[in-house]
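Visitor: Sharing a structure with you now.
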Amino acid sequence: MDEWELERLQEKLVNVLMKLRNTYGGALSTLHIKRSLPIEVKRLITKFFNLFDESCRAYIAYRHRVLGDLDKVRCKIGCSFCCYQIPYGASYLEYLYLYHGITEVAPGRLFLPALLDRNEVLSLIVYDLGETGNRSSYTEALISYSKRMIPCPFLDKRSALCLLYFFRPLSCRMHVSFAPPRFCDPLNHEPWRCGGVNIEPSDMLKEALNRVDEVFPYSLSRFLTIGVVEFMVNIMGCRPIRWEM
Ligand code: SF4
Ligand code: SF4
């Protein structure tokens with residue numbers, strides 16, 4: 001794996017997104033009316049997320065082999081300190097895929113009680129920051145939220161596994177740590193030891209995600225739990241997406 005191959009993976013990701021936008025942009029833009037999409041859209045979105053995972057693995061291999069970085073990724077099954085934070089900045093495509101996963105995994109309750117519970121806490125934190133004149137400080141709100149040690153609504157507390165692993169957003173896929181997991185604990189008092197790294201998408205990939213987002217004719221919150229509830233209730237009326245052959 002060299003830089004050229006990493007770039008090729010990013011280009012492949014962009015190509016999948018452009019195919020989605022150029023071929024299925026019309027269908028995506030009327031999802032809130034028809035509540036259905038061609039099955040090919042699901043195949044392309046799944047391909048996109050699988051490729052993204054591949055690009056993250058490739059980057060880590062590149063760090064080891066080419067950059068000579070000997071630190072090992074410490075993430076492992078059942079390690080979940082990073083799931084006590086609310087992801088921020090998801091694209092609409094991520095909301096769509098996450099919502100599809102929710103309807104597959106929990107078609108009855110749709111995680112709604114847990115989502116609404118988290119949203120109430122988060123809304124109060126954001127409101128309080130607004131009251132002190134610090135309205136734009138979303139980072140502060142997210143840190144304050146994480147210190148309350150409230151698990152992500154999709155985290156199974158008993159097994160510490162993500163119940164929506166295959167459908168999780170990009171921010172969960174790209175985050176790894178090169179330091180012992182205890183330093184990821186939001187209550188860790190030595191934050192400088194935290195070896196958390198985000199394997200950020202390239203600029204062209206971020207731009208492509210924005211281009212796909214443009215086809216959705218509405219606006220959703222960038223706080224993951226709030227945005228997904230807006231998508232679930234306002235856009236989909238709590239009904240599953242109908243995938244048409
Ligand atoms: S980022 Fe930290 S808490 Fe999350 S899986 Fe990796 S080591 Fe564990
Ligand atoms: S979506 Fe899954 S991986 Fe992401 S924070 Fe929630 S439980 Fe963790």
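Every read-out reported here was derived from the displayed coordinates using simple, explicitly stated rules and does not represent laboratory data. A quick note: this is a predicted structure, and the numbers were derived from the prediction, not measured. Every residue, glycine as well, gets a Cβ built from its backbone with ideal geometry; the counts of neighbours run over all protein chains shown.
Visitor: Can you pull the one-decimal nm distance between simple spin-label points at Arg242 and Ala61, each 7 Å off the Cα toward Cβ?
Guide: Between Arg242 and Ala61, the label points sit 4.3 nm apart.
Visitor: Using Cβ contacts closer than 10 Å as the measure, can you line up Leu129, Leu116, Leu164 from fewest to most?
Guide: Leu116, Leu129, Leu164
Visitor: For the chain, return all DSSP H helices satisfying: extent of Cα atoms along own axis at least 24 Å; mean Kyte-Doolittle hydropathy at least 0.5.
Guide: 112-131
Visitor: When a footprinting reagent is the concern and you count Cβ atoms within 10 Å, what order do Thr46, Thr139 take, fewest first?
Guide: If I rank by nearby Cβ atoms, fewest first, I get Thr139, Thr46.
Visitor: In percent, what relative contact order does the range 62-151 have, based on Cα pairs under 8 Å that are 6 or more apart in sequence?
Guide: 36 percent
Visitor: Same structure, new question: About its Cα centre, how strong a charge dipole does the range 3-244 have in debye, to the nearest 20, once Lys and Arg get +1 and Asp and Glu get -1 at the Cβ?
Guide: In debye, rounded to 20, the range 3-244 gives about 660.
Visitor: Taking only DSSP H segments of four or more residues, each worth -39500 (n - 2.57), what value at 222 nm results for the chain once the sum is divided by all its residues, to the nearest 500 deg cm²/dmol?
Guide: Helix contribution divided over all residues of the chain: -16500 deg cm²/dmol.
Visitor: In terms of Cα to Cα distance under 25 Å, which lysines are near enough to Lys47, apart from those fewer than 8 places away along the same chain?
Guide: Output for Lys47: Lys12, Lys19, Lys34, Lys76, Lys206.
Visitor: Under the definition of Cα pairs under 8 Å and six or more residues apart, what whole-number percent is the relative contact order of the range 3-244?
Guide: Averaging sequence separation for qualifying contacts and normalising by length gives 36 percent for the range 3-244.
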